[in-house]
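> Here it is, the structure in full.
The values are calculated or read from the model by the stated rules, or taken from the named source; none is laboratory data. Predicted, not measured: the structure shown is a model, and the values here were computed from it. When we count neighbours, we look across all protein chains shown, and the Cβ atoms used for this are built from the backbone with ideal geometry, even at glycine.
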Amino acid sequence: MKKLKLLFLVLFITNLNQAKAQHDNTMNIYDIKINALDGSPIALKTYEGKYILFVNVASECGFTNQYEGLQKLYDTYKNDLMIIGVPCNQFGQQEPGSSEQIQSFCKKNYGVTFLMTEKIKVKGKDKHPLYEWLTNKDLNGVKSTSVKWNFQKYIVGRNGEFIDYFYSMTKPMSSKITKLIQ
């Protein structure tokens with residue numbers, strides 16, 4: 001009986017150490033480098049202590065009116081939440097504009113004041129490291145996903161931990177999202 005308990009304890013410790021090693025191999029989201037729409041570097045570490053909602057956005061998409069909901073979500077929770085819009089032209093070529101055009105469109109049509117990044121790729125062989133992290137369990141430590149369309153949302157916790165993602169149909173003010181940041 002003592003040998004069985006000892007064996008169980010050894011197996012438990014081995015599994016615990018393997019889980020810790022796997023967790024230690026995950027990448028820290030705050031170390032990822034990405035630029036703002038104006039080309040200046042974004043220090044994601046600045047938002048540690050807040051939730052971060054990453055959304056791949058496009059100006060000519062059927063979901064583009066979600067900018068309004070994203071701005072409302074940001075205005076409502078900006079003390080606890082940073083929204084980062086990530087322009088992407090990979091789905092139906094629905095974000096063809098230059099950085100200046102994207103900025104102007106978002107400000108003029110939706111009053112966007114939350115952070116917008118440079119235009120990047122969110123899938124495929126040239127996928128930006130941010131989306132490598134958001135979509136790869138080996139990096140984020142939680143789950144692997146794929147970006148299906150514009151306005152897919154990824155939420156990261158106050159300490160940089162991957163929490164969940166939501167497809168385009170989930171509106172920004174959905175209780176699925178708001179309950180996570182309240």
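> Within segment 129-155, work out how many residues are in contact (Cβ under 8 Å) with a residue 24 or more places away in the chain, in a loop (DSSP other than H, G, I, E, B) and touching a strand residue (DSSP E or B) at 6+ places or on another chain (Cβ under 7 Å).
Residues flagged as in contact (Cβ under 8 Å) with a residue 24 or more places away in the chain, in a loop (DSSP other than H, G, I, E, B) and touching a strand residue (DSSP E or B) at 6+ places or on another chain (Cβ under 7 Å) within segment 129-155 amount to 5.
> Okay, moving on. Can you pull out the residues in segment 111-127 that are of a type outside the set (Gly, Ala, Ser) and more than 14 Å from residue 37 (Cβ to Cβ)?
121, 122, 123, 125, 126, 127
> So which residues in segment 94-125 are in a helix (DSSP H, G or I) and in contact with a helix residue (DSSP H, G or I) (Cβ under 8 Å, 6 or more places away or on another chain), if there are any at all?
Taking segment 94-125 as the starting set, the residues that turn out to be in a helix (DSSP H, G or I) are 99-110.
Within segment 94-125, 106, 109, 110 qualify.
> Using beta carbons and a limit of 8 Å, which pairs, at least six apart or on different chains, have the first residue in segment 42-62 and under 20 Å from residue 103 (Cβ atoms) and modelled with pLDDT of 95 or more and the second one of a type in the set (Asp, Glu) and buried (at least 21 other Cβ atoms within 10 Å of the Cβ)?
Matching pairs, first to second residue: 57/95; 58/95; 59/95; 60/95; 61/95.
One line per residue, one yes/no per condition, for (1) hydroxyl-bearing (Ser, Thr, Tyr); (2) exposed (fewer than 15 other Cβ atoms within 10 Å of the Cβ); (3) in contact with a Cys (Cβ under 8 Å, 6 or more places away or on another chain):
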position	(1), (2), (3)
68	no, no, no
82	no, no, no
99	yes, no, no
104	yes, yes, no
126	no, yes, no
134	no, no, no
137	no, yes, no
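> So if I check each of 147, 112, which one is aliphatic (A, V, I, L, M), buried (at least 16 other Cβ atoms within 10 Å of the Cβ), out of contact with any Gly (no Cβ under 9 Å at 6 or more places or on another chain) and within 22 Å of residue 64 (Cα to Cα)? Let's see the steps before the verdict.
Details: 112 fails: out of contact with any Gly (no Cβ under 9 Å at 6 or more places or on another chain).
After ruling out the rest, the residue left standing is 147.
Yes/no matrix, rows are residues, columns are (1) touching a strand residue (DSSP E or B) at 6+ places or on another chain (Cβ under 8 Å); (2) within 15 Å of residue 173 (Cα to Cα); (3) crowded, with 17+ Cβ neighbours inside 10 Å:
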{"site": "60", "(1), (2), (3)": "no, no, no"}
{"site": "75", "(1), (2), (3)": "no, yes, no"}
{"site": "87", "(1), (2), (3)": "yes, no, yes"}
{"site": "94", "(1), (2), (3)": "no, no, yes"}
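> Also, quick follow-up: Of the numbered conditions (1) more than 24 Å from residue 37 (Cα to Cα); (2) touching a Phe, Trp or Tyr at 6+ places or on another chain (Cβ under 7 Å); (3) among the polar types (S, T, N, Q), residue 168 fails exactly one; give the number of that condition.
With respect to (1) more than 24 Å from residue 37 (Cα to Cα); (2) touching a Phe, Trp or Tyr at 6+ places or on another chain (Cβ under 7 Å); (3) among the polar types (S, T, N, Q), residue 168 is out only on (1).
> A further question follows. Can you say whether residue 177 is hydrophobic (A, V, I, L, M, F, W, C), in a helix (DSSP H, G or I) and surrounded by 18 or more Cβ atoms within 10 Å (Cβ to Cβ), as far as the supplied structure shows?
Against the criterion (hydrophobic (A, V, I, L, M, F, W, C), in a helix (DSSP H, G or I) and surrounded by 18 or more Cβ atoms within 10 Å (Cβ to Cβ)), residue 177 qualifies.
> Right, next: Only one of (1) in contact (Cβ under 8 Å) with a residue 12 or more places away in the chain; (2) surrounded by fewer than 19 Cβ atoms within 10 Å (Cβ to Cβ); (3) in contact with a helix residue (DSSP H, G or I) (Cβ under 6 Å, 6 or more places away or on another chain); (4) more than 19 Å from residue 72 (Cα to Cα) is not met by residue 158, so which one is it?
So residue 158 meets the others, but not (3).
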